[in-house]
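The values are calculated or read from the model by the stated rules, or taken from the named source; none is laboratory data. Computed from a prediction, not measured in an experiment: that's the story for all the values here. For neighbour counting, all protein chains shown are included, and Cβ atoms are generated from backbone atoms with ideal geometry for every residue, glycine included.
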Amino acid sequence: MQSFAEFLREKGRVDSRRLPHYLRWVRMYQDFVAGQTNDKVYGIRGDALAAYGESRQFTGFLSVMGRNYQDWQVRQARHALRLYWYYNGVGQRRQPPPVHGPEHASLAARVNWDTLEEKLIRLIRLRHLAYSTEKTYLSWVRRFRAFFLDRELGDLSGDDLKCFLSHLALERNVSAATQKQAFNALLFLFRNVLDVQITDLETVISSRVPKRLPLVLTQNEIRMIFSHISGTHVLMAQVIYGGGLRLGECLRLRVKDVDFSRNCIIVLSGKGAKDRETLLAATAASSLSVHLSQVRALFDRDRRSAVAGVSLPQALVRKYPNAGKDWGWFWVFPSAKLSIDPHSGIVRRHHLYPTTLQKAFHQAVVRSGVVKPASLHTLRHSFATHLVEKGYDVRTVQELLGHADVSTTMIYTHVAKKNKLGVESPLDSL
């Protein structure tokens, strides 16, 4: 137990004043599992759950503990036991696997690291996941492999997944979003490639979820930044801010998605595979119209040069094989250079890459003198906040942003300008 206490001090996850309590919960859990405690204390003996495995013992202990202790104590005990589970398991799980018999060799022949990526890519594309998702999933699978020192896939289990996720939170200090991304990638691996169901994540140490408000720029700051961008980049930034678009949504816009007569932009297959309509600002509409006339010249040149049509979403290419050569499906913001489609291997024109706009926007922020660490996504936050400040109801803003839950949109009410109710600071009345 002394070594576990040193482990907690080293990781700095527990305040020194609470350390004795953490050690107490672990001792109680050990007694519970050993079946040495009196039924009057817990109401159930630990050996009654031993046959169900460690996860059931974990939840069983917390369940019966809740009958005699307050909620905050149960939460503290849960955290202590997650740390203890990781402390006991990480070293053992990273050890080289034992020598197996010939029956294990047949399993390794069917599922191994050499053929894994090819199978993983095939399954991802069958489900029509985005190419960026494909790259992200492959990246996490490679990190997972390196963490377990190239152990054979047949030796890995759901507990190894839990161990890796806890390692990310405890050792790497990744954000909750990064840990969730890793979980989604590895869950896809276990369920669809290894055919292993992951059902109980009670012992996983979760990354801390900070309660942060979104960064918002004032309209004057946005004007200052826009004055330091030029050409297509400033037009894209205006479209993003004017309609509250995500960067990817702006990049994937097609000519047919822009409706000048109604001053709206149709976002197809946005986050969560949802379609929505949002605003096309009148300020950006005139510039966008001129831009599309220049894009049309590029489109006509591609047709004369017999360049393959642009890529189409999902199975539309089979249903409408020539639609990729139609003007309506052409990119609003096409790349100046041709590239190889990673899915089909065909040389065609893709839309602009995100890094080009991101770099231009970052340089504009620096040159403008705005000290806020603003990114392109800050324009989306600013769009929502400024609408709330103008008095538009939250439901309308929710639909324009494409949020599934209104509680996500409500956060912008906290960063909107205060004093809406005429509240006066007591300092002003001194």
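Restricting the stretch 400-417 to residues that are among the hydroxyl-bearing types (Ser, Thr, Tyr) and closer than 17 Å to residue 241 by Cα, the residue that is surrounded by the fewest Cβ atoms within 10 Å (Cβ to Cβ) is 409.
Flag set for residue 229, criterion: outside the structural domain of residue 8 (by TED's automatic domain parsing), in a loop (DSSP other than H, G, I, E, B) and at pLDDT 85 or above.
Condition first: loosely packed, with under 12 Cβ neighbours inside 10 Å, outside any loop (DSSP other than H, G, I, E, B) and within 22 Å of the chain's Cα centre (by Cα). Can you find one or more residues in the stretch 377-388 that meet it? Among the residues of the stretch 377-388, not one is loosely packed, with under 12 Cβ neighbours inside 10 Å, outside any loop (DSSP other than H, G, I, E, B) and within 22 Å of the chain's Cα centre (by Cα), which makes the answer no.
Would you list the helices (runs of 4 or more DSSP H) that sit entirely within the stretch 1-43 and hold 1 or more residues that are of a type in the set (D, E, K, R), modelled with pLDDT under 80 and surrounded by fewer than 11 Cβ atoms within 10 Å (Cβ to Cβ)? Hits in the stretch 1-43: 2-11, 39-42. Taking first residues from the stretch 404-415 that are over 23 Å from residue 273 (Cβ atoms) and partners that are modelled with pLDDT of 80 or more and assigned to a helix (DSSP H, G or I), the Cβ contacts under 6 Å between residues at least 6 apart in sequence or on separate chains come to 412/384; 412/385; 412/388; 413/388; 415/385.
A count restricted to the stretch 53-106 and to residues that are modelled with pLDDT of 75 or more and among the acidic types (Asp, Glu) stands at 1.
With the requirement that a residue be assigned to a loop (DSSP other than H, G, I, E, B) and without any contact (Cβ under 8 Å) to a residue 40 or more places away in the chain, what does the stretch 354-374 give you? Break it down into steps so the answer makes sense when it comes.
We begin by selecting, within the stretch 354-374, every residue assigned to a loop (DSSP other than H, G, I, E, B); these are 369-374.
Scanning the stretch 354-374 gives a single hit, 371.
Would you check if there is a residue in the stretch 252-272 being surrounded by fewer than 14 Cβ atoms within 10 Å (Cβ to Cβ), in the same structural domain as residue 377 (by TED's automatic domain parsing), assigned to a helix (DSSP H, G or I) and acidic (Asp, Glu)? The answer is no; no qualifying residue exists.
Would you say residue 170 is in contact (Cβ under 8 Å) with a residue 60 or more places away in the chain, surrounded by fewer than 12 Cβ atoms within 10 Å (Cβ to Cβ) and under 30 Å from residue 75 (Cβ atoms)? Break it down into steps so the answer makes sense when it comes.
Values: in contact (Cβ under 8 Å) with a residue 60 or more places away in the chain: yes; surrounded by fewer than 12 Cβ atoms within 10 Å (Cβ to Cβ): no; under 30 Å from residue 75 (Cβ atoms): yes.
Here the answer is no, as residue 170 does not meet what is asked.
Within the set of pairs 6+ apart or on separate chains, which have a first residue in the stretch 321-344 that is in the same structural domain as residue 300 (by TED's automatic domain parsing), a second that is exposed (fewer than 13 other Cβ atoms within 10 Å of the Cβ) and at pLDDT below 95, and C-beta atoms under 6 Å apart? Filtered contacts from the stretch 321-344: 338/347; 340/347.
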